[in-house]
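The values are calculated or read from the model by the stated rules, or taken from the named source; none is laboratory data. This one's a predicted model, so the numbers in the text were calculated from it and none came from an experiment. In this analysis, Cβ positions are derived from the backbone assuming ideal geometry, glycine residues included, and neighbour counts consider all displayed protein chains. Keep in mind that these areas ignore ligands, DNA and RNA; they rest on the heavy atoms of the full protein, side chains included. Shrake-Rupley method; radii C 1.70, N 1.55, O 1.52, S 1.80 Å.
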Amino acid sequence: MRTILYILTTLAVIGLAFWAYRENYATQEALAETDKLHRDIRAAHARLAVLRAEWAYLNRPDRLHDLADINFDRLGLLPLRPEQFGRVDEVAYPVPELLPITDAVEVSGTIEGENRP
């Protein structure tokens with residue numbers, strides 16, 4: 001009986017060691033993938049910073065003004081003036097369509113709190 005207990009204990013220890021071994025390598029793989037993702041995120045942030053700097057450089061007002069002057073014949077771009085902008089009260093909003101009344105309900109009576117002679 002004692003021999004069977006020793007064999008089962010030994011098999012349980014071997015099984016737990018195998019499980020711990022696999023978990024250790026799975027954890028190391030997850031950590032390596034996490035490090036790779038962090039590197040990729042840092043690289044993406046660096047690329048984004050460069051792209052923002054390039055965008056700011058290319059959108060300098062003096063450069064855009066020079067480009068508009070050079071390409072005036074093709075594009076006809078002019079500077080914006082205040083009288084080109086409209087006011088909010090000048091915007092024509094569409095009038096919503098009213099839904100047709102299909103089943104009219106007859107109502108009679110008075111409203112509470114209303115004094116009628």
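Results, tabulated for the structure shown:
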| quantity | calculated |
| --- | --- |
| Glu83-Ala56 FRET efficiency (beta carbon distance; Förster radius 22 Å; 0.05 resolution) | 0.15 |
| Over the chain, equivalent-ellipsoid semi-axes from the Cα gyration tensor in Å | 70, 48, 13 |
| Evaluated at q = 0.19 Å⁻¹: base-10 log I(q)/I(0), Debye formula over Cα of the range 22-88 | -0.89 |
| Residues Phe72 and Leu48, FRET efficiency given R0 of 35 Å [Cβ-Cβ distance, rounded to 0.05] | 0.55 |
| Share of carbon and sulfur in the accessible heavy-atom surface of the chain [1.4 Å probe, %] | 63 |
| Two-decimal Rg to Rh for the range 56-103 - Kirkwood Rh, Cα set | 1.41 |
| Å² per residue, accessible surface of the range 1-54 at 1.4 Å | 95 |
